[in-house]
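Here's the structure, in structure tokens; my notes come after.
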Amino acid sequence: FNWGYSLNPVELNESSTITSSFSSGQGVGKDFRVKYSLIAFSGGINAHAAKGTKLTGADIALFDTAMVAAIPAARTRSKTGQTPRFYLRVQATDNQLVMKDLREYLAVGYNTDNEYAVRSIDDINLDISRLLHYLQGFEDRIDTIVYWCDDNIQIKGLDELKAAFAGKLQEVVAAEL
């Protein structure tokens, strides 16, 4: 996985007293918090590196579920208030396909006059229209698109993605979470 970054501009909470001691017990550091951030991560399963590891399709399905369920289950200060909003995994038909960082194709729209005034998921929407266009360029090399979407996020282009890849979509079922 790559480092996550915010898709929207963030505003830091002002505080001079927030500190954190490291779990190793070796020192204290400043703790920074933001008022709201829609953070995107990117990663991949390298078929060549996984060869010989006995990785199975069931392992990958469990991974999909864990990606959605893990953050709310992580009870750490750094995860306070974090909620998964959208998950997408593209599975290729072969082990040669290399795609760009899919975050490059995401855009945030604002339901507020000031993009720095975002305080909740209701203040933004995610636009995946460019992502859909990018994925359509690989349509013949995509086996499956696994996805999950939180009910509270507005996603522009999701219906079009579902229509374009109807036979290749697999939803992470909420009942499994």
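The values are calculated or read from the model by the stated rules, or taken from the named source; none is laboratory data. Note that this is a predicted model, so its numbers are computed, not measured. Heads up, the Cβs are rebuilt from the backbone with ideal geometry, glycines too, and the neighbour counts pull from every protein chain shown. Calculation scope for accessible area: heavy atoms of the full protein, side chains included, ligands and nucleic acids excluded. Shrake-Rupley method; radii C 1.70, N 1.55, O 1.52, S 1.80 Å.
Structure data summary
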item	result
Residues whose placed amide H lies under 5 Å from that of Leu38, excluding near-sequence neighbours	Leu7, Asn8
Most to least packed among 42-48, 94-100 [average Cβ atoms within 10 Å]	42-48, 94-100
Long-range HN-HN contacts of Gln170 with modeled amide H, under 5 Å	Ile145, Val146, Tyr147
Share antiparallel - DSSP beta bridges, the stretch 66-177, percent rounded to 5	70
With at most 14 other Cβ atoms within 10 Å, longest stretch of the chain clear of loop chymotrypsin sites (Phe, Trp or Tyr not before Pro) (DSSP)	42-137
For the chain, fraction of C-alpha pairs farther apart than 23 Å, in %	50
Rounded accessible area per residue of the chain, 1.4 Å, Å²	64
The stretch 37-162 - percent relative contact order, Cα under 8 Å, separation 6 or more	29
For the stretch 110-177, fraction of C-alpha pairs farther apart than 18 Å, in %	48
